[in-house]
Amino acid sequence: MMVRRWARLAVLCAGRIATAAPLLAQSPTSLLDADPLAADSLRRVLARAEAAAVPLEPLTLKVREGLAKQAPPLRIVDATARLAERLRLARTALAPTTGTDEIAAGADALYVGVQPLLLQDLRRRFPARSLTIPLGVLTQLVASGVSASRAGALVRELLDRGASAPQLIALSTEVQRDVGAGLSPSVAIALRSGGLLSTLPAASANSGGGVLPGGVTTGGGRPPTPRP
Amino acid sequence: MTDDRDPLTARVRESLLPLPSVRPTALAEVLARIDAHDTRRRSLPFSRRWATALLAAAAVVLGFVGRGVFDASAPSASIATVPSATAGSASGVTTAARSAGLSPGMVPVQFVYDDASANTVQVVGDFNGWGREVVAMSRVEGSSAWTVVLPLMPGRHLYAFVVNDTQWVADPRAPRHSDRDFGKPESVVMVEAR
């Protein structure tokens, strides 16, 4: 019985994967062709983004999201323009990376209220490490109600002490679950981060400290960490 | 990643690549046959059950091959092998392709939604280009639960369910995300790398 269910799931999954591509072949501006004014505005947003070397894929995705949610065309353009600005800020803060996933993760963090300075600090401290997952965790912690400065300092400390991507994600999930169960975000983050930090080695000796404008604490320099 | 120097891999690729794309009706036929043979399969020996499982795995591989996942000629596990992709353009192909099933780092994630009144349930999210026609969930027999398994990149993803083609709902089992852009309910899934 179990094998049969998995067989059904696998066949469905294969079919979904194989038939997904054709839907994805349209350009974002053509998606708004029914509204010439909106299409023109979107074209300008995309042109500006391209000139600023902002990755266009997340912008396309935003247009599709708006269409799927049946938003009015001009609202879609507005949301896309705001995302383009966040992507531009994230790209600058995370330079020299040009990875779309990482920049998009940075833009997500900005969306929930993280300051570009924090992204810049993480990049400076971890120049060779992909920050896609750490930034996703940071975003989710802030979205759970943890303050951006507290979450930023914690993610930085966890990276300093060698926390793995699965450990970071598990922390985020546990905090979310605790908050859902009624704990305050500050208690949940203290509880869960304490548990995780107790299992990690001490931070490297050259992790100094400091405070960035806006109350973001920083550590000192750290040798590049290999990408996971 | 595949290795074309391996003769077995090369033969599998040769036999699978020319296959036509999967038609929805063909899927229905396959599922109908699975149903028709249900009784007989219950009495199958253990080894035959494993054969069925391998067939299912082959079906998944077939799906990925159809999307170009195992094309070893691709420079990376990203966009270059997607059918109908426009290389280097700003089309949605690249984003959705990378996040919907073309990377070796993908992790299978099962979505579950429970709704006795639903006639159809689809999952839409950043991983499938928010294309709600694309990923229909299937009802688990004898229950009100709907499910689908999708390969996702590790990280944070936003998604929602579309019930009966009209009702946009967040996943009650997952954290909510505040959608200030469009005001629709949606959820977050954090995918762990394996």
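Test residue B:179 against the criterion of being surrounded by fewer than 22 Cβ atoms within 10 Å (Cβ to Cβ), closer than 25 Å to residue A:107 by Cα and of a type outside the set (A, V, I, L, M, F, W, C), and give yes or no. Yes; evaluated as a whole, the condition is true for this residue. When restricted to residues that are assigned to a strand (DSSP E or B) and not acidic (Asp, Glu), region B:155-194 contains 19.
The lone criterion from (1) more than 9 Å from chain B (Cβ to nearest Cβ); (2) assigned to a helix (DSSP H, G or I); (3) in contact with a Lys or Arg (Cβ under 7 Å, 6 or more places away or on another chain); (4) more than 17 Å from residue B:175 (Cβ to Cβ) left unmet by residue A:79 is number (1).
Results for (1) within 21 Å of residue B:187 (Cβ to Cβ); (2) free of Cβ contacts under 8 Å to residues at least 24 places away in the same chain, shown as yes or no for each residue.
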site	(1), (2)
A:75	no, yes
A:92	no, no
A:95	no, no
A:108	yes, no
A:113	yes, no
A:123	no, no
A:133	yes, no
A:137	yes, no
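Within region B:103-126, the presence of a residue that is touching a helix residue (DSSP H, G or I) at 6+ places or on another chain (Cβ under 7 Å), closer than 30 Å to residue A:99 by Cβ and at pLDDT below 90 is excluded.
Applying the selection to region A:48-66, what residues are surrounded by fewer than 19 Cβ atoms within 10 Å (Cβ to Cβ) and either at the interface with chain B (Cβ under 10 Å from one of its Cβ atoms) or basic (Lys, Arg) (or both)? I'd like the intermediate steps shown before the answer.
As a first pass, look at region A:48-66 and keep what is surrounded by fewer than 19 Cβ atoms within 10 Å (Cβ to Cβ): A:48, A:50-53.
Within region A:48-66, A:48, A:50 meet the criteria.
So that you can scan it fast, the table gives a plain yes or no per residue for (1) under 27 Å from residue B:106 (Cβ atoms); (2) acidic (Asp, Glu); (3) within 14 Å of the chain's Cα centre (by Cα):
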site: A:46; (1), (2), (3): no, no, no
site: A:53; (1), (2), (3): no, no, no
site: A:58; (1), (2), (3): yes, no, yes
site: A:68; (1), (2), (3): yes, no, no
site: A:72; (1), (2), (3): no, no, no
site: A:76; (1), (2), (3): no, no, no
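Could you say whether any residue in region A:179-195 is within 14 Å of another protein chain (Cβ to nearest Cβ), at pLDDT below 90 and surrounded by fewer than 19 Cβ atoms within 10 Å (Cβ to Cβ)? Within region A:179-195, one or more residues are within 14 Å of another protein chain (Cβ to nearest Cβ), at pLDDT below 90 and surrounded by fewer than 19 Cβ atoms within 10 Å (Cβ to Cβ).
Name every residue in region B:148-185 that is among the aliphatic types (A, V, I, L, M), within 11 Å of chain A (Cβ to nearest Cβ) and out of contact with any helix residue (DSSP H, G or I) (no Cβ under 6 Å at 6 or more places or on another chain), in order of residue number.
Initial filter on region B:148-185 (among the aliphatic types (A, V, I, L, M)): B:148-150, B:152-153, B:158, B:160, B:162-163, B:169-170, B:174.
The next check asks that each one be within 11 Å of chain A (Cβ to nearest Cβ); those that pass are B:148-150, B:153, B:158, B:160, B:162, B:174.
Correct list: B:148, B:150, B:160, B:162, B:174.
Of all residues in region A:145-175, those being part of a loop (DSSP other than H, G, I, E, B) and farther than 26 Å from residue B:105 by Cα number 3. Summed over region B:125-147, residues that are of a type outside the set (Gly, Ala, Ser), under 22 Å from residue A:64 (Cα atoms) and more than 7 Å from chain A (Cβ to nearest Cβ) total 2.
Scanning region A:106-156 for residues that are in contact with a Ser or Thr (Cβ under 7 Å, 6 or more places away or on another chain) and of a type in the set (S, T, N, Q) yields one hit, A:140.
The values are calculated or read from the model by the stated rules, or taken from the named source; none is laboratory data. Since the model is a prediction, treat every value here as computed from it, not as a measurement. Positions of Cβ are generated from backbone atoms using ideal geometry, with glycine treated the same way; all protein chains shown enter the neighbour counts.
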